[in-house]
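The values are calculated or read from the model by the stated rules, or taken from the named source; none is laboratory data. None of these values were measured; they are calculated from a predicted model. Glycine also receives a Cβ, built like all others from the backbone with ideal geometry; neighbour counts cover every protein chain displayed. To get the accessible areas, we keep the full protein, side chains included, count just its heavy atoms, and leave off ligands, DNA and RNA. Shrake-Rupley method; radii C 1.70, N 1.55, O 1.52, S 1.80 Å.
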Amino acid sequence: MSTMLPPSSSSGTATAPATAQEPRETTEALEADRTTEARTAPWGTDPYANALRNGRGPLFLRRSDGWLLPLEVERWCSDAGAADLSALHRCEGPVLDIGCGPGRLVAELTALGHRALGIDVSEAAVARTRRIGGSALLRSVFDPLPGEGRWGTLLLVDGNIGIGGDPAALLDRAADLLSTGGLLIAETSPLDIDERAQVRLDDGRRAPAEKAAPGPADRPFPWARIGTPALLRYAGACGWRPADQWSAEGRAFVSLRRPRRPVRERSARTSSQSAESANSTPVISSQLER
């Protein structure tokens, strides 16, 4: 089935790196792009890529104090379950799955007849999503994306409300992506928590002291965990309107309506993070219309 994206999206062409003669804004954008690359690099390497290829963990987010958050790789790599379907059946219009992982939700949405696209910063995740029948791009949510301002629903499930470690910034970016009256469906922590931390990916097989020279997977990156009360506080401050909240199979979800305001120009923060990525060639399924 052909996957149609919201119309009128476009992409740029490659540009040369900044030089000393180029505007300061260009140099700053390139520097910000390197920051984005550093933030997303762990998800494109071992042990995350290995876990997705194998369809199983163990895989954890490890804080600097040694605390571990187990990641449910086996569930991510399975078919969509009842809790997933409780969210998918609420989707409206074309759907963008942010941090799609191995693609079960994109594939299920496609099977249900939705126009759907997943984005992820992991090549292994994008490859697996496409292999099981979904469409996906190798992109961060903070990169320029197809159909900005025209998506009907955004999904932030499986802990992805924590992307970037700044829920308010993520909600701000989500408002840029949605159409007027669009819907954001987010999975929250079942705990009443509002936590931000620097974490690393860890497969639990070797103690940190046993690791060789650190690589991309050892780089710390910002992450957040928030419960429903915290998300509603952030959302209210940003002008989002609560639509629904529910639980299924021990998982908690919230749906929010896009703030009633014009789609503003992308903020300086988002622009600086993504300017160079706009001119790079993405990994894209051949059936996607750009």
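Rounded to the nearest 0.05, the FRET efficiency derived from the C-beta distance between Glu123 and Arg219 at R0 = 22 Å is 0.85.
Share of segment 50-105's accessible area from carbon and sulfur, percent, 1.4 Å? Result for segment 50-105: 49 percent of the exposed heavy-atom area is carbon or sulfur. Computed about its Cα centre, the charge dipole of segment 70-185 is approximately 320 debye, with only Lys, Arg, Asp and Glu carrying charge at their Cβ. Taking 7 Å steps out from each Cα toward its Cβ at Glu92 and Leu112 produces label points 1.5 nm apart. Gly159 sits among other residues whose Cβ lies under 11 Å from its own Cβ, and their net charge, with Lys and Arg +1 and Asp and Glu -1, is -1.
Over segment 37-175, the alpha carbon radius of gyration divided by the compact-protein estimate 2.2 N^0.38 Å works out to 1.01. Each of Leu137, Leu183, Pro167 was scored by the projection of its Cα onto the charge dipole of segment 115-191, and the greatest displacement toward the positive side belongs to Leu137; charges sit on the C-beta of Lys, Arg, Asp and Glu.
Treat every Asp and Glu Cβ in segment 122-174 as -1 and every Lys and Arg Cβ as +1, leave all other atoms uncharged, and give the resulting dipole magnitude about the Cα centre to the nearest 20 debye. Mind dumping the intermediate values first?
Working: 6 positive and 6 negative charges, 63 e Å.
Here segment 122-174 has a charge dipole of around 300 debye.
Working from label points 7 Å from Cα in the Cα-to-Cβ sense, the Glu74 to Leu191 distance is 2.2 nm. Here r is the Cβ-Cβ distance between Ile132 and Asp244 and R0 is 22 Å; the resulting FRET efficiency, rounded to 0.05, is 0.20.
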